[in-house]
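For reference, the structure is listed below as structure tokens.
All of the numbers you see were taken from the coordinates with simple rules; none came from a lab. Remember, it's a predicted structure, so these values are computed and weren't measured experimentally. For neighbour counting, all protein chains shown are included, and Cβ atoms are generated from backbone atoms with ideal geometry for every residue, glycine included.
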Amino acid sequence: MSITQEQLGRRIRNAREACGLTQERVAATLDVSRPTVAQIEAGKRAISSLELDHLAHLFGRDLRDFVADDFSDTDPLAALFRAQPEVVAEPAVAEALRDCVALGREITCLERLIGVDGGGTATASYLLPPPKTRWEAVQQGERLSAEERRRLGLGDAAIPDLTELLEVQGIRTGVLNLPPDVSGLTLNDRKVGLFVVANRVQHVLRRRFSFAHEYAHVLADRDRFGLVSRSSERDNLVEVRANAFAASFLMPEDGVRQFVTGLGKGRPSRVHADVVGVVSDTEESLEIEGRTAPGSQAVQLYDVVRLAHHFGVSRVAALFRLHNLRIISKPELETLKQLDELGRGRQLAIHLGLPEPDHAEVRERFQHRILGLALEAFRREEISRGKLDELSSMLGISRDRLDSLLEDAGLIEKESDPEVVT
């Protein structure tokens, strides 16, 4: 059933209002006047397919939603905009969310075109009461981490590839340019599924922590359509819970203690034992005390470097975890942190052959996945070259790079090398 121009205008108005956007904002997107937008919404002015495509992206909607038989005034992105109106006020954050939805829908469409099941396993969900205090938030985060590790059979081991683990759980992962205050975001869309994003400008180790943080939101905050994680809101109890989960999930307590013990550290300075023996036909206990050598248990910066590398976290994250587990004191934390800020930790890592990964060279799993699907869809002639160009542009891939990729993949003919003139 086709819809009328008046019905289409009404749907555009409802979608705009659901996102909390003004007619002026829509006018700027379409490069028309505000009265023209009013005419479109009133059904008195036709809208082109290109204009409708621009509006669909602006509203975070699928273009097909506007011409379908049934139309819902609200969707997850609109609900997120309403729940966090400050998001709409920050164009960079709102645009990043729109990009998430657009990319997620594209990858879902590509999977359908080539018959790939990208759903993964059923993602777990935990019902937790809203924490009332910071301590309760921390306890919930740590318990949630322990339960999820048990469910996944991870034990106390380090997690080598966190994004792969999330993808297997049916959670899409992405890396996008976000404002400095935003570490990551979580989106739950019925057509995209679960989507977590980390800030590309952050170092890869910080992004890894952000993915674990967003994973906590996926597990414990599924009733929300989405969340934007900001450093300015780190005192929010839901964010405190997610941070506690991330630290515990990446660095489980028993795993950290075992690692530190393996370094010959972390034992108490004084040990006490009662040994039961028989003296004159009577059982008596013998008290035995021992002391470790002075200073032998003090954790050094090179120990922190090794610990951080083992669990795939930053040295700062490792330091705070050691302090929270009472393995190092507050003064020791501050001293080691100051040494690291002077660049000693980075140099020690180089000397120990444990340099930090270069975040600029780290593969972005989501980009590789969608590009691989797009190449296969193009090979099967399920999408046109124009659509492939569009997807590549969304991923920040230049036309020249795409041409080289297609040539190397044997999907287009290579240009003949120029003849050498002698």
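The ellipsoid equivalent to the alpha-carbon distribution of the stretch 114-238 has semi-axes of 21, 19, 15 angstrom, derived from the gyration tensor eigenvalues as √(5λ) and listed largest first.
Here the contact order of the chain, divided by its residue count and restricted to Cα pairs under 8 Å and six or more residues apart, works out to 13 percent. Each peptide in 324-333, 248-257 was scored by the mean count of other Cβ atoms within 10 Å over its residues; highest first, the order is 248-257, 324-333. Taken over the stretch 6-144, the convex hull of the Cα atoms encloses 157 Å³ per residue. For the pair Arg385 and Ser2 in one chain, pulling the backbone fully straight at 0.36 nm per residue adds 135.0 nm over the alpha carbon distance.
Between Ser232 and Lys132, the simple label model (points 7 Å from Cα in the Cβ direction) yields a spacing of 3.0 nm. In terms of its alpha-carbon gyration tensor, the stretch 5-74 comes out rounded; the largest-to-smallest axis ratio a/c stays below the 1.5 threshold. For the stretch 139-153, 3J(HN,Hα) computed residue by residue from phi via the Karplus equation (6.51, -1.76, 1.60; θ = phi - 60°) reads 4, 4, x, 6, 5, 4, 4, 4, 5, 5, 5, 5, 4, 8, x Hz, glycine and proline entered as x. Note on the chain: dipole from Cβ charges, positive end direction compared against Ala124, Leu322, Val240; the farthest Cα belongs to Val240. Computing Rg and the Kirkwood Rh from the Cα coordinates of the stretch 12-52 gives a ratio, Rg/Rh, of 0.92.
Residue-wise HN-Hα couplings along the stretch 52-62, as the Karplus relation 6.51 cos²θ - 1.76 cosθ + 1.60 with θ = phi - 60° gives them from phi, are 5, 5, 4, 5, 4, 5, 4, 8, x, 10, 7 Hz; Gly and Pro carry x. The residues neighbouring Ile40, those whose beta-carbon lies less than 15 Å from its own, together hold a net charge of +1 under the Lys/Arg +1, Asp/Glu -1 convention.
Extension gain for Ser329-Ala409 works out to 23.2 nm (0.36 nm per residue, less the C-alpha to C-alpha distance). Of the residues Gly345, Leu176, Gly141, the one whose Cα sits farthest toward the positive end of the charge dipole of the chain, with +1 on the Cβ of Lys and Arg and -1 on the Cβ of Asp and Glu, is Gly141.
For a straight C-alpha distance cut-off of 26 angstrom, the lysines reachable from Lys337 (same-chain residues fewer than eight places away being disregarded) are Lys265.
Check cross-link reach from Lys387 to the lysines: straight Cα distance under 28 Å, and skip same-chain residues fewer than eight apart. Partners within reach: Lys191, Lys414. Counting only DSSP H runs of at least 4 residues, each contributing -39500 (n - 2.57), and dividing by the residue count of the chain, the helix-based mean residue ellipticity at 222 nm comes to -16000 deg cm²/dmol. Once the Cβ-Cβ distance of Ala158 and Glu341 is raised to the sixth power relative to R0 = 25 Å, the FRET efficiency obtained is 0.50. The magnitude of the dipole of the stretch 5-74, with charges of +1 and -1 set on the Cβ of Lys/Arg and Asp/Glu and taken from the Cα centre, is near 240 debye.
Go ahead and run the numbers for FRET between Ala92 and Leu50, Cβ-Cβ distance against an R0 of 25 Å, rounding to 0.05. Approximately 0.55, to the nearest 0.05. Think of each Lys and Arg Cβ as +1 and each Asp and Glu Cβ as -1; about the Cα centre, that makes the dipole of the chain roughly 820 debye.
Structure remark: mean-square fluctuation, Gaussian network model of the chain, C-alpha springs under 10 Å; the largest value among Gly396, Gly20, Gly184 belongs to Gly396.
Given a Förster radius of 45 Å and the C-beta distance between Arg112 and Asp400 as r, what FRET efficiency does 1/(1 + (r/R0)^6) yield to the nearest 0.05? It comes out at approximately 0.90. Can you bin the stretch 77-183 into rounded, prolate or oblate? Criterion: square roots of the alpha carbon gyration tensor eigenvalues sorted a ≥ b ≥ c, rounded for a/c under 1.5, prolate for a/b above b/c, oblate for the rest. Verdict is oblate for the stretch 77-183. Residues considered: Asp223, Asp69, Asp156. Largest GNM mean-square fluctuation over the chain, using C-alpha springs under 10 Å, is found at Asp69. Largest first, the extents of the alpha carbon coordinates of the chain on the three principal axes equal 106, 75, 41 Å.
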